[in-house]
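The values are calculated or read from the model by the stated rules, or taken from the named source; none is laboratory data. Keep in mind it's a predicted model, so treat the numbers as computed, not measured. Neighbour counts run over all protein chains shown; Cβ positions are idealised from the backbone, glycine included. Quick note on the areas: whole protein, heavy atoms, side chains included, nothing else; ligands and nucleic acids left out. Shrake-Rupley method; radii C 1.70, N 1.55, O 1.52, S 1.80 Å.
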Amino acid sequence: MKNSGLAGLPAILLLGSACAALSAVPAVAQPTADTPLDAAVPSELSRIARPTHYAITITPDAQKLTFAGTARIELELFKASDTLTLNAVNLTISSARLVPLAGGKPISLVTKMDPDHQTATFVAGMQMAPGRYRLETSYNGIINTQANGLFALDYPDKRDGKDVRALFTQFEAADARRFAPMFDEPSYKATFDLTAIVPQDEMAVSNMPVAKATNLKNGLKQVSFATTPKMSSYLLFFGLGYFERMAKPAMPGVEAGIIAPSGSGEQSRYALDSLAPLIPYYSDYFGQKFPLPKIDNIAGPGQSQFFGAMENWGAIFTFERILLNDPAITSPRARQRIFGVQAHETAHQWFGDLVTMQWWDDIWLNEGFASWMATKATDHFHPEWDALLDRVGGREAAMGLDSYVTTHPIVQHIRTVEETNQAFDSITYSKGEAVISMLEAYAGEDVWRNGLRTYMAARKFGNAKTADLWAAVEAAGATNLTGIAKDFTNKPGIPLVLVKSADCSNGKTTVVLEQSQFSLDQKDAVAKSPQGWRIPVLVSLAGGKPVRSLMSGDTATVALDGCGTVLVNAGQLGYYRTLYTPSMAADLNKAMATLAPIDQLGLIADQFGLAAGDYEPISVPMNLLTAIPSDANATVAEAAVGRWNRIYETLDDAPDPQAAIGRIAMATWAPRLEALGFQPKLDESVNDANLRSSLISALGNMGDPAVMAEASRLFVNLSTDPHALDGPLKTTWLGIIARNATPADWETLLGLAKSSTSAVERSSYYGLLGAAKDAGLARRALDLALSGDVGATDSAAMISAVAGDHGDMAVNFVLDHLDPVLNLVDSSARGRYLPRLGTGIKDDTTIDRLKKYREGLPADQQNLFKRTFAVLAERAAAKPRMIAGVQQWLASR
């Protein structure tokens, strides 16, 4: 699953990096007929049985938001019992019986629902002997309006603008139980037959191709899909609506398709042309041919506060805004995201679907690997995008969470639905990817891939744990990898490598390193008693070949040929921070323009992170930032101007230094924008196009006169022609306009939102209405979000947009309207919604109110609030220090 981008909490300001139970313990190995699960292991499910096959038939009523279903579940019972427990929630089960497959009289069952534990217990009133059975149930369920279980999305038909409704499913992590009674845990793999009775003029979609379709009376048809491979319940998918499908061969025996709302036409082409080649690429890399006959990616309107796309096997679901290429609004960066999200979800077809983590403790095996593989695939197919440079941003996003005492290890202890939902964060995705990248570099690309192939072959159609992967890679030749991997996946936090000295003698440089631990809010505590890691380090002289060393103790010595400026973590593949002596930092400042782009990016991010934690003065990274040449690599330049913008925003309480920072940034980067021009060029690189957009946004935020004048000119045109801004920079310019909107401007944007016939464009307009700096307009946006006019999936995003500049206002509004707001958030994201909004709070009164609200929550829902309060406390302590440091730096210039 690709998260929504909202899962992690931001690190501090300018300087940081950018209760139902499941089962009580991880499921043990998938049983065979003669190897039952250990009944002594606590669980909400009956560890005395497992499913082998599901046959599910549903009849949805989209208008009434209900559905009827039957489920016939073939299972093996390992131990005599008078009850059988499955997962089920929001289902009304009207009948149930158990049919012995070896013959015999069916057993009538009484159903006892337990909503708190999300289970259905079937009571036989007699002992059921071990053997093979078929559990037959009839039931009714609810179609939700948020992305949980079977859900509905309303949107304007692209053909005539009238509102229509489509149905989709979202089952990860624990929502397949909303669709049918199931053994809804990842280790209970089975095959699935799905049948749906639906309107004849709508397209039904599932994991497998349609096996048979038969027209019925009353304009209905019965659609049966081919049997799936053995898979976990959360990967099942069903979709229904007015769709069209664009398809092409991906490889022999496999067809790729994009399923989109009718009228999408060529908007699907880019995604299809990106999807098809990924199938043979991954098949070759993993050494396993894609086992399904088709791979579809289904576009849905709207959005979620929990996820952006989902890797259902053979039937990926992706929100339209990150799948379809609409020339009226899609930017080059958005097209990169279309590719990247598809690469992530397609990688899941192997890492996650073919081989599935045994329990949610190891969810990173799905998400970290899919993130890492998506970057690798993007670099393979589009080397001109410099995708490997983006790993620095991913590393910093992870460190933004990992630097607080509230962090958690990559492999974590998960016991409830809420804990599972919280696990989809930057530690799982981005730290997972960063650690994998480091381990691949340690093992070597060939050894690493050979280990993955062995792992995949041994575990396909089954389940695995993290230790299984390390064993396979080490057996392939990566000596001592398991110890390193365990350190970085089982221990929370960030190593700190201190460069104590670098002495050159007789043409050789001896570098002495010391290990400690980095923290933003526990600096003194971790310095006294740091954790220890086995750290692979790459050390070089600036511009030279790196030397590899394994730092397995408190100190390490690395010998380099030659003399010069020392660079630790060359290539930026290590997951640790590096603290240099002042003289070494000064040498790096002089060498900055000559460093590789990846090291320029990594060094800037790393040193700002260290300054945020008060490990060094802010002047160190500020000097490095000013040493980035204005003609730097476009990705480096984009990161640099973004950093200037974050510094500018951090100084919102200090107008004089803020204005000074704005002048420096504009003097440095406005000429680069002038050279690029305001208008896109046909032959320019994607990276230059992205840089233009970032320059316009950042300089516009700082009040650059040329940018503001152009925004005003364009908005005048938009007032008379709603298509005047159509093109790749539409949302960029609208962002500046919305942020600085007057009441009249805001009304214009509202009119454009109401009149738009594009679901993506309409969603964008409503989000922009929440971005106004004006407090009065922000309050109007909050009221609008609950008016019923915005749309079921866009309202929560609109409130989040308000929180960007008005955190206290947004949080108090949500607390004042708690039930109506949370009903607009998918249940998977409700536990993180308020904590995320809370990171924008500035007023102690609001903090106290949020703390009081937290106290009334179950324990597993309090974790993210603790993280939010840690961020707020550290920010309050650090911000004055940072402002003073920037003022001193300005005075020294």
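Among the residues of the range 589-613, which ones are open to solvent by less than 40 Å² (accessible area, probe 1.4 Å), of a type in the set (A, V, I, L, M) and under 34 Å from the mean Cα position of the chain (by Cα)? Answer for the range 589-613, where residues must be open to solvent by less than 40 Å² (accessible area, probe 1.4 Å), of a type in the set (A, V, I, L, M) and under 34 Å from the mean Cα position of the chain (by Cα): Met592, Leu595, Ile598, Leu601, Leu603, Ile604, Ala605, Leu610, Ala611, Ala612. If I filter the range 495-521 down to residues being more than 17 Å from Leu579 (Cα to Cα), part of a loop (DSSP other than H, G, I, E, B) and not acidic (Asp, Glu), which single residue comes out as farthest from the chain's Cα centre (by Cα)? So, considering only residues that are more than 17 Å from Leu579 (Cα to Cα), part of a loop (DSSP other than H, G, I, E, B) and not acidic (Asp, Glu), the one farthest from the chain's Cα centre (by Cα) is Asn506. Annotation note: of Glu384, Glu396, the sole residue that is assigned to a helix (DSSP H, G or I), charged (D, E, K, R) and more than 17 Å from Gln572 (Cα to Cα) is Glu384. When you look at Phe678, is it surrounded by 12 or more Cβ atoms within 10 Å (Cβ to Cβ) and part of a helix (DSSP H, G or I), yes or no? Answer is no for this residue. Listed by first and then second residue, the pairs linking a residue in the range 459-485 that is under 14 Å from Gly352 (Cβ atoms) and open to solvent by less than 40 Å² (accessible area, probe 1.4 Å) to a residue that is of a type in the set (A, V, I, L, M) and modelled with pLDDT of 95 or more, with Cβ atoms under 6 Å apart and 6 or more places separating them unless they lie on different chains, are Ala464/Val355.
A single member of Thr454, Thr406 is surrounded by fewer than 24 Cβ atoms within 10 Å (Cβ to Cβ), among the β-branched types (Val, Ile, Thr) and assigned to a loop (DSSP other than H, G, I, E, B), and it is Thr406. When the residues of the range 164-202 are filtered to those that are open to solvent by 10 Å² or more (accessible area, probe 1.4 Å) and not in a loop (DSSP other than H, G, I, E, B), which remaining residue is nearest to Asn148 (Cα to Cα)? So the residue we want is Arg178. Filtering the range 681-724 to residues that are crowded, with 17+ Cβ neighbours inside 10 Å and assigned to a loop (DSSP other than H, G, I, E, B) leaves Met702, Asp704.
Reported count of residues in the range 273-310, each being surrounded by fewer than 23 Cβ atoms within 10 Å (Cβ to Cβ) and under 17 Å from Thr330 (Cα atoms), is 2.
Report whether or not Thr732 is open to solvent by 20 Å² or more (accessible area, probe 1.4 Å), on the phi < 0 side of the Ramachandran plot and of a type in the set (S, T, N, Q). So Thr732 does not fit the description; no.
At pLDDT below 95, within 21 Å of the chain's Cα centre (by Cα) and among the small types (Gly, Ala, Ser) - does that describe any residue in the range 821-828? Yes, the range 821-828 has at least one match.
Let's see how each residue does on (1) farther than 22 Å from Lys508 by Cβ; (2) hydrophobic (A, V, I, L, M, F, W, C); (3) in contact with a Cys (Cβ under 8 Å, 6 or more places away or on another chain); (4) open to solvent by 30 Å² or more (accessible area, probe 1.4 Å):
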residue: Leu624; (1), (2), (3), (4): yes, yes, no, no
residue: Ala637; (1), (2), (3), (4): yes, yes, no, no
residue: Glu649; (1), (2), (3), (4): yes, no, no, yes
residue: Asp653; (1), (2), (3), (4): yes, no, no, yes
residue: Pro657; (1), (2), (3), (4): yes, no, no, no
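Of the strands (runs of 3 or more DSSP E) lying entirely inside the range 203-306, those carrying at least 2 residues that are in contact with a helix residue (DSSP H, G or I) (Cβ under 9 Å, 6 or more places away or on another chain), among the small types (Gly, Ala, Ser) and at pLDDT 95 or above are 243-251, 254-261, 294-300. The range 39-104 holds strands (runs of 3 or more DSSP E) entirely within its bounds, and those carrying 3 or more residues that are over 14 Å from Leu150 (Cβ atoms) and among the hydrophobic types (A, V, I, L, M, F, W, C) map to 66-77, 91-100. Screening Gly727, Gly770 for residues that are of a type outside the set (A, V, I, L, M, F, W, C), at pLDDT below 95, under 23 Å from Thr330 (Cβ atoms) and open to solvent by less than 20 Å² (accessible area, probe 1.4 Å) leaves exactly one candidate, Gly727. When we screen Pro42, Pro100 for residues that are out of contact with any Leu (no Cβ under 7 Å at 6 or more places or on another chain), at pLDDT 90 or above and farther than 25 Å from Val198 by Cα, the only hit is Pro100.
Do we find a residue being of a type in the set (A, V, I, L, M), open to solvent by less than 70 Å² (accessible area, probe 1.4 Å), more than 24 Å from Ala147 (Cβ to Cβ) and in a helix (DSSP H, G or I) anywhere in the range 826-848?
If we filter the range 826-848 for residues that are of a type in the set (A, V, I, L, M), which is where we start, we get 829, 834, 837, 841, 847.
In the following step, the residues that additionally are open to solvent by less than 70 Å² (accessible area, probe 1.4 Å) were identified as 829, 834, 837, 841, 847.
The next check asks that each one be more than 24 Å from Ala147 (Cβ to Cβ); those that pass are 841, 847.
Next cut, in a helix (DSSP H, G or I) only: 847.
Checking the range 826-848: at least one residue is of a type in the set (A, V, I, L, M), open to solvent by less than 70 Å² (accessible area, probe 1.4 Å), more than 24 Å from Ala147 (Cβ to Cβ) and in a helix (DSSP H, G or I).
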